[in-house]
Amino acid sequence: MAVAKKWAVGWWCALAVAGMMSTPAAAAPEDDTLAKLAQLRNLPATSAAADVQQGRKELDNAWRWLGNNKAAALPVLRRELAAELKKAQPNQYLLLELGHFLRVQGTAADRALSLQALLALDPVGIVPQTQQDQLFRFVHASAADRDPRLFKLMDQVFLRGHVTVFLPQHGYTVDETSVCIYLYGQYGALAERHLAGLLHDPQAVHRALELLMWVGSPDSVPAVAALLNTADADTFARATTFLLRAGGPAGREALGNFDARGLQGKAREFYLQTRQQLASMNFDTLVHQLEEAPGGDGNQPPRRLDAAAAQAALAALEQNYGSYADVQPAEIATSALPAAQLIDGLIRVRERSLLRISGEALTDIDTTNTLINTLRFRGD
């Protein structure tokens, strides 16, 4: 009995010692995570260039540490972000960094909390002023969910703003319009309807028309054609370009029926140049132009792909994020698949392409859009 009692006392003592030794070790990852968050909280809310650069360096260091300790950090980040969102004035840097981290490093279940953080950002606050690149990446990652509540932030910061994004890995700067293409383009028809609703806003109409050239369809022809009577030459040029590039036969008809007698100056000059293109806006001519596009072969007529081969070409495009490296666009245009089915597939390809942020991706998206508009003239 004495031996048993002595063993029991020793066992409990061992547990107590182990507990005292293990508690700090278990708490260490959480303490380290909280220490990183404290650094983020203490970043100065200033737009001074030197402070912004130093702040971004500290934020990047925090990201690397969190990424290297993701398993231990994620539960703490979820808890702290949820608590931050309940505050009357949440820390904007924490919303940006924790929300973005959960979006790209967390699980699918973290997306709702991540989106809450993004929606809670002040569109005119310190983050859009100083962390535009990171905010673009956060919105780009979240746009795939197509939540229309993001349009308010996107309109204020990107569509009405002047945001460019430098990609150091490519040595390439994404210009203001292209930044918006990557964001709004992922919304598809939902973005088209939203942008069409901005056409009567003089502060947004130019950018909205530029985006509709990339993500629009004949559905927007009536709203855009109504702008042809504008006195602003820049608006007229953009509206005309949309009708030619994305309007299909309906866009051609709208331009053909337009009474241009009231045009003056640059608008009239632009109209006379584009008027000459109307006669060549037909399927055969547009297919010939596709033969000159990347992936095309202007030296010989395109092969006519059967339905199976056309589906395989679309699948290859989607798998390769819209790259035409091994696909001739003219062969898709003349393939045996119905035009409507091809257009649906190409819209999916375009959405896939928007996940690639590079100059090459925009070239491929332009080819896809040209192919879509060409197919609208096929007549089947």
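For the range 94-110, enumerate the residues that are more than 12 Å from PHE138 (Cβ to Cβ) and buried (at least 18 other Cβ atoms within 10 Å of the Cβ). Answer for the range 94-110, where residues must be more than 12 Å from PHE138 (Cβ to Cβ) and buried (at least 18 other Cβ atoms within 10 Å of the Cβ): LEU94, GLY106, ASP110. Looking across the range 242-263, just one residue is of a type in the set (A, V, I, L, M) and outside any helix (DSSP H, G or I), and that is LEU263.
From the list GLY296, GLY265, the one residue that fits, being modelled with pLDDT under 95 and closer than 27 Å to ARG252 by Cα, is GLY296. Counting only helices (runs of 4 or more DSSP H) wholly contained in the range 264-378, the ones carrying 3 or more residues that are aliphatic (A, V, I, L, M), touching a residue at least 60 places away in the same chain (Cβ under 8 Å) and over 30 Å from GLN134 (Cα atoms) occupy 283-291.
In this structure, does SER353 turn out to be in contact with a strand residue (DSSP E or B) (Cβ under 8 Å, 6 or more places away or on another chain) and closer than 18 Å to SER178 by Cβ?
So SER353 does not fit the description; no.
Within the range 134-182, restricting attention to residues that are closer than 21 Å to LEU199 by Cβ and acidic (Asp, Glu), the residue that is surrounded by the fewest Cβ atoms within 10 Å (Cβ to Cβ) is GLU176.
In the range 69-122, of all residues being of a type in the set (Lys, Arg) and within 18 Å of the chain's Cα centre (by Cα), the one that is farthest from LEU43 (Cα to Cα) corresponds to ARG111.
In this structure, is LEU121 in the same structural domain as ASN61 (by TED's automatic domain parsing) and not in a helix (DSSP H, G or I)? Yes, satisfied. Inside the range 52-79, can you point out the residues that are over 12 Å from LYS36 (Cβ atoms), buried (at least 17 other Cβ atoms within 10 Å of the Cβ) and hydrophobic (A, V, I, L, M, F, W, C)? Across the range 52-79, the qualifying residues are VAL52, LEU74.
Given the criteria surrounded by fewer than 17 Cβ atoms within 10 Å (Cβ to Cβ) and closer than 21 Å to ALA361 by Cβ, does ASP344 qualify? Please lay out each step first, then the result.
Working: surrounded by fewer than 17 Cβ atoms within 10 Å (Cβ to Cβ): yes; closer than 21 Å to ALA361 by Cβ: yes.
Spelling it out, ASP344 is indeed surrounded by fewer than 17 Cβ atoms within 10 Å (Cβ to Cβ) and closer than 21 Å to ALA361 by Cβ.
Can you give me the number of residues within the range 139-181 that are small (Gly, Ala, Ser) and over 13 Å from the mean Cα position of the chain (by Cα)?
Summing the residues that are small (Gly, Ala, Ser) and over 13 Å from the mean Cα position of the chain (by Cα) in the range 139-181 gives 2.
A search for C-beta distances below 8 Å between a residue of the range 152-171 that is among the charged types (D, E, K, R) and any residue that is exposed (fewer than 14 other Cβ atoms within 10 Å of the Cβ), counting only pairs 6+ apart in sequence or on different chains, returns ARG160/GLN203. Among the residues here, ASP110 qualifies as among the acidic types (Asp, Glu) and in a helix (DSSP H, G or I). Taking the criterion of being small (Gly, Ala, Ser) and either surrounded by 16 or more Cβ atoms within 10 Å (Cβ to Cβ) or touching a strand residue (DSSP E or B) at 6+ places or on another chain (Cβ under 9 Å) (or both), the residues of the range 356-380 that qualify are SER358, GLY359, ALA361. Here LEU211 meets each of (1) part of a helix (DSSP H, G or I); (2) surrounded by fewer than 21 Cβ atoms within 10 Å (Cβ to Cβ); (3) within 18 Å of the chain's Cα centre (by Cα) with one exception, condition (2).
The values are calculated or read from the model by the stated rules, or taken from the named source; none is laboratory data. Remember, predicted model here, so these are calculated numbers, not experimental data. Cβ atoms come from the backbone with ideal geometry, glycine included; neighbour counts cover every protein chain shown.
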